[in-house]
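Report on one structure; see the data block that follows.
The values are calculated or read from the model by the stated rules, or taken from the named source; none is laboratory data. Just so we're clear, the structure is a prediction, and the values are computed from it rather than from any experiment. Quick reminder, even Gly has a Cβ in these numbers, built from the backbone with ideal geometry, and neighbours come from all protein chains shown. These area figures cover heavy atoms from the full protein model, side chains too; ligands, DNA and RNA do not enter into them. Shrake-Rupley method; radii C 1.70, N 1.55, O 1.52, S 1.80 Å.
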Amino acid sequence: MKPLLSIFSFLILLGCHEEKFQETLIPEGTYHGTFQRQKAWAESEIANVTLTFTANQWSGTSDFPKYPALCRGTYSINGDIILFENACAWTAEFDWSLILSGKYVLTKTGKTVEFSRDYRSATTDTYRDKYLLTKQE
């Protein structure tokens, strides 16, 4: 009985394999576009932003101070989720949810990159942050 149990266990282990995480990165370069915090109850400003991606590093600027709050950091992608890590120190006088940090839903189409984070829920109509960027030649 032991040999049969050993063979059965071995076959189960062969069938179990760890999926390898294959990280995809945004093609390196400079991207120009817009950021908007889309509010359900009011019009919102649209900022012109520039983000540069190199390997898994990012840096960025906006034409509005701290809307969004861009500086520099790292990022990783898993499927349609992009996770930004912010490497800068920030002061306390603004809404820290505007810092490019945390999980966003990612869509890549040709030279266009879009990532967004939805703060809405079934019980609240708050807002959605949306970046829409195009790679520059």
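The set of residues from region 87-104 being in contact with a Lys or Arg (Cβ under 8 Å, 6 or more places away or on another chain) and within 23 Å of GLN136 (Cβ to Cβ) comprises just one member, TYR104.
Within region 51-94, track down each residue that is of a type outside the set (A, V, I, L, M, F, W, C) and free of Cβ contacts under 8 Å to residues at least 12 places away in the same chain.
Matches in region 51-94: PRO65, GLY79, THR91, GLU93.
Once region 24-38 is narrowed to residues that are of a type in the set (Ser, Thr, Tyr), open to solvent by 30 Å² or more (accessible area, probe 1.4 Å) and in a strand (DSSP E or B), the residue that is nearest to TYR127 (Cα to Cα) is THR34. LEU106 - would you say it is of a type in the set (A, V, I, L, M, F, W, C) and without any contact (Cβ under 8 Å) to a residue 40 or more places away in the chain? Yes; evaluated as a whole, the condition is true for this residue. Checking each residue in region 106-123 for being closer than 17 Å to TYR31 by Cβ and among the hydrophobic types (A, V, I, L, M, F, W, C) picks out LEU106, VAL113, PHE115.
When region 39-55 is filtered for residues that are open to solvent by less than 60 Å² (accessible area, probe 1.4 Å) and touching a strand residue (DSSP E or B) at 6+ places or on another chain (Cβ under 8 Å), the ones remaining, listed by number, are SER44, ALA47, VAL49, THR50, LEU51, THR52, PHE53.
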